[in-house]
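Let me begin by presenting the structure, written as structure tokens, before commenting on it.
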Amino acid sequence: MQYLLPAFLPVCVLQALGLAAGLRGAARAARAARQGEPPPWRTRRAAAAAAVALAVFAALAPGSPLVDASLLHPLLVPDAFAGERLAGYRRGVAAHPDSALRRYHLAIAWGMRRRFADGARELEAALGRLPADAPGAGPQLLRADILLGLAQFRAALGEAEASARALAAHLETVERLRDGMRSRDPFVRAEFDLVLERRRQPGD
């Protein structure tokens, strides 16, 4: 799948940076301990930072009980046991049947198993819970992703006309996002135009 803005990317970047800094601080503290030297203030601070970083990383990790994994994209959720990732998304949809985001994620999880008919069914259900005129850029971005996924799943099922309709609706949504954006940066608009051009090409 392609995205205008990767989901939860800032959280993942902060997790990676925090973990790297924490591990480096822990290594310095361990080296000082092996050499029999009292750890300097900077090393003690690094060790404390390592503990905090690891705690935050564990709390925000996809497998944490503090995280609702059904709100995370399937690419960010480990499948520790066969089928558990898919089962988790199905539980999330069962608990929140009106959540378009959870249904979208369940559809992607189905698609990762090449169950395109099941995925398309969930995407259609997600669209039914996300009006075309929903206010705000967030719902419109989600709608664009859902429609793109639906076009790809319908194409994989050999349903060319349904795929073309979904793709046309996707392009219309992206155009609406482009025309309604607050930024006047010509490079941002050019990026939207590039996305539209690529997705209008046959076979994209």
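Read the figures in this text as sums done on the coordinates, not as results from a lab. Quick caveat: nothing in here was measured; it's all calculated off a predicted structure. So basically every Cβ, Gly included, is an ideal-geometry build from the backbone, and we count neighbours across all protein chains shown.
Residues 197, 124, 191, arranged from fewest to most other Cβ atoms within 10 angstrom of their Cβ, appear as 197, 191, 124. Among 88-99, 175-186, the peptide with the highest mean count of other Cβ atoms within 10 Å heads the list, and the full ranking is 88-99, 175-186.
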